[in-house]
Amino acid sequence: MTQAQNDGKVDYIEFSVDDIEAAKQFYRAVFGWEFTDFGPEYTAFTDGRVTGGFRSDQKPAPGGPLVVIYALNLEAMEKSVREHGGIIVQEIFKFPGGRRFEFKDPGGNTLAVWSDV
């Protein structure tokens, strides 16, 4: 995409975490994300479509934006989140257009996973 096409679109998501290595292990195991370290307090990630980073120089803050991740198999993804230390804060529920659940990652960030199937 060109810069003009990216205008107004989500370009980068940044999370504050207490433990970068724990975050990397969790997101690599559950979602297959890849990482590039930029010193001891920052690592960038890519999920193959969206990029972002984890920083440890600030504490995680409640009430931040909710990042929603798509899954082809919602139940399998929920199981993987649980198995890798995520805490389900809202069980799978239906909404117009699909289903989703919300979880806290090991760093305390709340995210959601949804599926249209």
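The values are calculated or read from the model by the stated rules, or taken from the named source; none is laboratory data. Every value quoted in this text rests on a predicted model; they were computed, and no experiment measured them. Glycine gets a Cβ as well: all are built from the backbone with ideal geometry, and neighbour counts include every protein chain shown.
Laid out as a table, the results:
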{"item": "Residue within segment 9-31 that is farther than 30 Å from residue 79 by Cβ and modelled with pLDDT under 90 present", "result": "yes"}
{"item": "Residues (farther than 23 Å from residue 55 by Cα, in contact (Cβ under 8 Å) with a residue 24 or more places away in the chain and in a strand (DSSP E or B)) located in segment 70-117", "result": "70, 99, 100, 101, 114, 115"}
{"item": "Matching residues in segment 24-48 - criterion: being touching a residue at least 12 places away in the same chain (Cβ under 8 Å), farther than 17 Å from residue 58 by Cβ and among the polar types (S, T, N, Q)", "result": "25, 46"}
{"item": "Flag for residue 42 being closer than 19 Å to residue 113 by Cβ, among the aromatic types (Phe, Trp, Tyr) and either more than 10 Å from the chain's Cα centre (by Cα) or surrounded by 13 or more Cβ atoms within 10 Å (Cβ to Cβ) (or both)", "result": "no"}
{"item": "Odd one out for residue 36 among (1) surrounded by 13 or more Cβ atoms within 10 Å (Cβ to Cβ); (2) outside any helix (DSSP H, G or I)", "result": "(1)"}
